[in-house]
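> The structure is given below, and queries will be raised subsequently.
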There are 2 protein chains.
Amino acid sequence: MNLPPLVQSFVLHFGEMGSRWGINRTVGQIYALLYVSPDPLNADQIVDALGISRSNVSMSLRELQAWNLVLLKHLPDDRRDFFTTPDDVWQILRTLAEERKKREVDPTLSVLREILMQQPASEAERHAQERMSEMHGLIERLTTWYEDVKQLETDRLATLLTLGAKVTKLLEAKDKIVSLGRSKRTTEKG
Amino acid sequence: MNLPPLVQSFVLHFGEMGSRWGINRTVGQIYALLYVSPDPLNADQIVDALGISRSNVSMSLRELQAWNLVLLKHLPDDRRDFFTTPDDVWQILRTLAEERKKREVDPTLSVLREILMQQPASEAERHAQERMSEMHGLIERLTTWYEDVKQLETDRLATLLTLGAKVTKLLEAKDKIVSLGRSKRTTEKG
DNA sequence: CTGTCATTTCAGTAATTTCTGAAATAACAG
DNA sequence: CTGTTATTTCAGAAATTACTGAAATGACAG
């Protein structure tokens, strides 16, 4: 591996981290390298930087493209492929969320739905279905929320984050106003 | 494997899904089995249900305990260990979030912080640090939000979810009221 | 066409992870 | 203590996943 020390730490960390997710070491390293690189890199530059085989780079880039985490670029008068990551970290976050949902959540949701359609043939199955139904309900709630907030533009999303739990304070306030309004009207009527 | 068909589908799915996360097949299967089981199970029951070795069950349960995803129970007059999952799916969600943060996010945050402390020795390193700083900023925002929201009781959290992006509508409304108030006062002064 | 350069594919190998059986440890009852 | 039952540990086997080099494919220039 042939990199400035500071970049190397980052790349190595992403490699190790990769294994904790489903991603493998090389894929993590390549991503990290592209992420901090000022310009797009071609496959041979990645080979040199990370000291891995050309074919491994090819396969790992394909993997990263499947995740939409990497962009293919072309320079004029150069027919090699160059790669970068999107600049905007918020966009990266969105992509990551979208892909993980697609791979990890959606399949589970569809398996749960399928099982819940079936007729339980015993008390054990009945109970199992009940538990699965709870899980299904929770996941649906979460994905609905996600589908909803992912539409937001970045600055609104940022606001939402900054606000955090304070939102519920706001809600309490709103509830009070509404209920005050209601009780007032009730009083007037009564 | 010796399970009601409906439970078996669920268990097998969790096994496959496990590999997409960092978790292995057996661990996923055991978790799924305990999750839908009406009563706590002991290690031998898991061996029978899943058709795997006793030692594998022992190691996998240890793993699940390390994740706080499984509870150890004791029945009167029986010195074997019995295991369940927590009943409340919201609680499970919290645990999962907490553990994944601990394992996947916190280490990255600390590596980033460490690297950002250092003096860049070249333009390449300077640029890399800038990118890492963006990533660090985003992750910090997200974790702050998480720390904030995780304190909420379940029903408040549920409200927050149901509300979703509508919160920003609420904010706009609030902003209008505030700015109206301000411009009114300004007008009065002027 | 032919030659050159870039990329991909893939069979075989290397490395890692998972799983097992056997032995060790532990916890208890008599 | 001794025997019984429950659990854990761990070295090696099995399975899976990652990686490589060599060959194939593709894309283009002349």
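The values are calculated or read from the model by the stated rules, or taken from the named source; none is laboratory data. Treat the numbers as computed from the prediction; the structure is a model and nothing was measured. With ideal geometry, Cβ positions are generated from the backbone for all residues, glycine too; neighbour counts draw on all protein chains shown. When the accessible area is computed, the model is the full protein with side chains, heavy atoms only, and any ligands, DNA or RNA have been set aside. Shrake-Rupley method; radii C 1.70, N 1.55, O 1.52, S 1.80 Å.
> Name the pairs: first residue in region B:72-88 and within 20 Å of residue B:32 (Cα to Cα) and open to solvent by 80 Å² or more (accessible area, probe 1.4 Å), second residue within 16 Å of DNA strand C (Cβ to nearest atom) and assigned to a loop (DSSP other than H, G, I, E, B), Cβ to Cβ under 9 Å, at least 6 apart or on different chains?
B:72/B:81; B:73/B:81
> Going through region A:74-123 one residue at a time, which ones are at pLDDT 95 or above, touching a helix residue (DSSP H, G or I) at 6+ places or on another chain (Cβ under 9 Å), over 30 Å from residue B:130 (Cα atoms) and acidic (Asp, Glu)?
A:106, A:114
> Please indicate, with yes or no, whether at least one residue in region A:36-48 is within 13 Å of chain B (Cβ to nearest Cβ) and part of a strand (DSSP E or B).
Yes, region A:36-48 has at least one match.
> While we're looking at this one, here's another question. Identify, from the list B:178, B:167, the residue that is under 30 Å from the mean Cα position of the chain (by Cα) and either assigned by TED's automatic domain parsing to the domain that holds residue B:44 or at pLDDT below 95 (or both).
Every option except B:167 fails the conditions.
> If a residue must be open to solvent by 80 Å² or more (accessible area, probe 1.4 Å) and in contact with a Pro (Cβ under 6 Å, 6 or more places away or on another chain), how many such residues does region B:118-165 contain?
Residues that pass the stated criteria total 1.
> For region A:16-63, enumerate the residues that are open to solvent by 40 Å² or more (accessible area, probe 1.4 Å) and of a type in the set (Phe, Trp, Tyr).
Residue satisfying the conditions is A:21 alone.
> So in region A:105-120, with the set limited to residues that are more than 10 Å from every other protein chain (Cβ to nearest Cβ) and within 27 Å of the chain's Cα centre (by Cα), which one is farthest from residue B:36 (Cα to Cα)?
Among those that are more than 10 Å from every other protein chain (Cβ to nearest Cβ) and within 27 Å of the chain's Cα centre (by Cα), it is A:106.
> While we're on this one: Determine whether residue B:134 is under 22 Å from residue A:152 (Cβ atoms) and within 11 Å of another protein chain (Cβ to nearest Cβ).
Criteria met by residue B:134.
> Right, here's the next one. Condition test on residue B:106, is it surrounded by fewer than 17 Cβ atoms within 10 Å (Cβ to Cβ), within 13 Å of DNA strand C (Cβ to nearest atom) and acidic (Asp, Glu)?
No: the conditions fail for residue B:106.
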